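Taken together, the values in this text are just the output of simple stated rules run on the coordinates, not laboratory data. Given the structure is predicted, the values throughout are model-derived calculations rather than measurements. Glycine gets a Cβ as well: all are built from the backbone with ideal geometry, and neighbour counts include every protein chain shown.
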Amino acid sequence: MSVTGFQSGSRRSAFATAALDRRRLVDRVMQALLVLAIAIAIVPLIAVLGYVLAKGIPGLRITLFTKLPRPVDLGGGGMANSMIGSLIMVGLASVLGVLIGVGGGIYLAEYGHGRLAAAIRFFADVLSGIPSITVGLFVYVLLVVPLHSFSALAGAVALAILMLPLVMRTTEEMMRLVPETLREASLALGVPRWRTIVSVVLPAALEGIITGTLLAIARVAGETAPLLFTAFGNEFWQRSLLKPIDAVPLRVFKYAIGPYDVWHKLAQAGALVLILFVLVLGVAARWIAGRRRLSER
Amino acid sequence: MAENESVMINEQEARLNTPALRVGQFASQAAVAAPAEATAAKMQVKNLNFYYGTFRALEDISLEIPERQILAIIGPSGCGKSTFLRTLNRMQDLVPGARVEGQVLLNGEDIYAPDVDPVAVRTHVGMVFQRPNPFPKSIYDNVAFGPRLHRRCKGKALDDLVEQSLRAAALWDEVKDKLHRSAFALSGGQQQRLCIARALAMEPDVLLMDEPASALDPIATLKIEELMLELAQRYTIVIVTHNMQQAARVAHRTAFFMVNERRAGFLVECDTTATIFTAPKDKRTEEYITGRFG
């Protein structure tokens, strides 16, 4: 056994040649570049969070959640009506989006083999890329014009359309992840197809579907553009689903581009509330997803 | 813990040496208690052809499955053993483009008759798969799943049925204190016995087993084989296996399948296990058994 072969042509050890030195250098440079990329990517995120926190916290008073908007010389009031309006529209949109989205996702995953399913899948992907203001305009023509009024209903429908592709594709993906052997196990017990889907596949995919749905809700909760021509905004309480209603993003939009300092302060507080809402949903989604991984162990 | 295990292994070894399970002994000879001869056919397969689209995967298969015995199906890979097994409870219907010609009689009734609902067939012909596939539910809910959905029983009666099924699958003593724990907490062999209990809870006429031990270690395999011999006193069992020793150990009758030049599976011969392994009528069977191909 001789090791001279390794050392021929060099006085250094075979494990420390010039070529290896160069590789190590390239490796370091590449790593540094990747770290730089992630740093650049994360800077805006932290900057936005920090800025909204810093600017929003001073305006975060209890009146923000309890009072209606008031004239600027009376302190500007709060945005209680906007928050309720947002809750109504996001809630209604979630019901619509989840019912139709989960239903469509189940169809695609369990029955979708033909051309129809391929077409639906394609249009869902296109739909998720459509600018949200286009959806707003579409619902304007679809609901606002025939009903002669901006309304919470129109706003909710616009948000639901934005949620739909996300919920549908997540549901499909999650149902496809359920092993075929589980379906077979149920079918072999003489359980009909639909019952198998409801009692075996759906429960197995449920946590993933909930996670995806929460993320979809978080995504539309902050949408402004689709509400401009549908919910329109309102300075007062609105009980009817068929009349114009306010929403937090609309209020933030209006105040942020307005000329008064009081408005700016309120807009920043409103933006903070929105971010916190989205953050809570995001954390909830992560928690549910994490629980799922744990239970699989 | 370790001590426990070694005790268990010793026990297993002891059982290995019991005559019923020693390699080379045939179940049909050893298990005298089982009515090996002259029982009625539970299922009859008559001129069965199976197609995927235009491709014929099974060619003209006819055989009888005697009641309360174990029929093993052996043969080289790709000879349609699993496909054949799955035609017996119409699981193969689920494959797009699947088509069946011929008859499969269960208690004299054709399960492929036009007015027969495949879902109903599967309540009479249970199935255990290659890999244990318990539902992500508790042990209890796994066994109760079928009876519950068919509204067979509930409450105390369901509890009794679950216990009875787990006992029949030789799993009760191991799980009776943790019925409401996740089925995934069980070992592979236990999971497979749970799947057997789940199938038994539907009180099927026939139990199909598709290589039920191929994903298990030797000790778990042995347990499953013991269990099958026990179940054969009450149930009709058809098992597909790659393991010829396994067929020799458990089966009363053995069917040998091969694949022909058109890539279709066909039955070479079906006889008592002793005959197939010691004096097969067909030369191809002998060649396969002695390991000259396959």
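Can you tell me which of (1) more than 11 Å from every other protein chain (Cβ to nearest Cβ); (2) crowded, with 24+ Cβ neighbours inside 10 Å is the one B:Asp205 doesn't meet?
(2)
If you scan the stretch B:161-216, which residues turn out to be in a loop (DSSP other than H, G, I, E, B), in contact (Cβ under 8 Å) with a residue 24 or more places away in the chain and basic (Lys, Arg)?
B:Lys178, B:Arg181
Residue by residue through the stretch B:130-155, note down the ones that are over 20 Å from B:Leu171 (Cα atoms), in a loop (DSSP other than H, G, I, E, B) and within 9 Å of chain A (Cβ to nearest Cβ).
The answer is B:His150, and nothing else.
Quick one: would you say A:Leu242 is assigned to a helix (DSSP H, G or I), of a type outside the set (Ser, Thr, Tyr) and more than 14 Å from every other protein chain (Cβ to nearest Cβ)?
no
With respect to A:Met168, determine if the residue is surrounded by 15 or more Cβ atoms within 10 Å (Cβ to Cβ) and under 25 Å from B:Leu149 (Cα atoms). Break it down stepwise before answering.
Working: surrounded by 15 or more Cβ atoms within 10 Å (Cβ to Cβ): yes; under 25 Å from B:Leu149 (Cα atoms): no.
It is false that A:Met168 is surrounded by 15 or more Cβ atoms within 10 Å (Cβ to Cβ) and under 25 Å from B:Leu149 (Cα atoms).
Of the residues B:Gln164, B:Gln190, only one is closer than 26 Å to B:Val238 by Cα and touching an Asp or Glu at 6+ places or on another chain (Cβ under 7 Å); which? Quick ask: steps written out before the conclusion?
Numbers: B:Gln164 fails: touching an Asp or Glu at 6+ places or on another chain (Cβ under 7 Å).
Going through B:Gln164, B:Gln190 in turn, just one is closer than 26 Å to B:Val238 by Cα and touching an Asp or Glu at 6+ places or on another chain (Cβ under 7 Å): B:Gln190.
Scan the stretch B:134-142 and give yes if some residue there is of a type in the set (A, V, I, L, M) and over 22 Å from B:Arg234 (Cα atoms), otherwise no.
Yes, the stretch B:134-142 contains a residue that is of a type in the set (A, V, I, L, M) and over 22 Å from B:Arg234 (Cα atoms).
Kindly indicate the residue of the stretch B:256-287 that is touching a Leu at 6+ places or on another chain (Cβ under 7 Å) and not aromatic (Phe, Trp, Tyr) and also nearest to B:Tyr52 (Cα to Cα) among those meeting that condition. Lay out the reasoning, then the answer.
In the first step, residues of the stretch B:256-287 are kept if they are touching a Leu at 6+ places or on another chain (Cβ under 7 Å); the result is B:257, B:264-265, B:267, B:270.
Filter again for not aromatic (Phe, Trp, Tyr), leaving B:264-265, B:267, B:270.
Working: B:Ala264: 11, B:Gly265: 13, B:Leu267: 18, B:Cys270: 25 Å.
Within the stretch B:256-287, the match that is nearest to B:Tyr52 (Cα to Cα) is B:Ala264.
Return the only residue of B:Asp282, B:Asp210 being of a type outside the set (A, V, I, L, M, F, W, C), closer than 22 Å to B:Asp60 by Cα, within 14 Å of another protein chain (Cβ to nearest Cβ) and in contact with a Phe, Trp or Tyr (Cβ under 8 Å, 6 or more places away or on another chain).
Values: B:Asp282 fails: within 14 Å of another protein chain (Cβ to nearest Cβ).
Just a single option satisfies the conditions, and that option is B:Asp210.
Tell me which helices (runs of 4 or more DSSP H) are completely within the stretch A:20-133 and hold 3 or more residues being closer than 30 Å to A:Asp261 by Cβ, or say none if there are none.
Result: A:62-66, A:80-106.
Taking the stretch B:69-122 on its own, how many of its residues are surrounded by 14 or more Cβ atoms within 10 Å (Cβ to Cβ), without any contact (Cβ under 8 Å) to a residue 24 or more places away in the chain and within 14 Å of chain A (Cβ to nearest Cβ)?
Number of matching residues: 4.
Among the listed residues A:Gly129, A:Gly136, identify the single one that is away from chain B (no Cβ under 14 Å), touching a helix residue (DSSP H, G or I) at 6+ places or on another chain (Cβ under 9 Å), crowded, with 16+ Cβ neighbours inside 10 Å and closer than 18 Å to A:Pro226 by Cα.
A:Gly136
Which one is farthest from the chain's Cα centre (by Cα) among residues in the stretch B:39-59 that are exposed (fewer than 14 other Cβ atoms within 10 Å of the Cβ) and part of a strand (DSSP E or B)?
So the first thing to find is which residues in the stretch B:39-59 are exposed (fewer than 14 other Cβ atoms within 10 Å of the Cβ), and the list is B:40, B:47, B:53-55.
Subset that is part of a strand (DSSP E or B): B:47, B:55.
Values: B:Asn47: 22, B:Phe55: 26 Å.
The extreme case among them is B:Phe55.
Examine the stretch B:160-181 for a residue that is more than 15 Å from the chain's Cα centre (by Cα), within 14 Å of another protein chain (Cβ to nearest Cβ) and surrounded by fewer than 18 Cβ atoms within 10 Å (Cβ to Cβ), and state whether such a residue exists.
For the stretch B:160-181, residues more than 15 Å from the chain's Cα centre (by Cα), within 14 Å of another protein chain (Cβ to nearest Cβ) and surrounded by fewer than 18 Cβ atoms within 10 Å (Cβ to Cβ): present.
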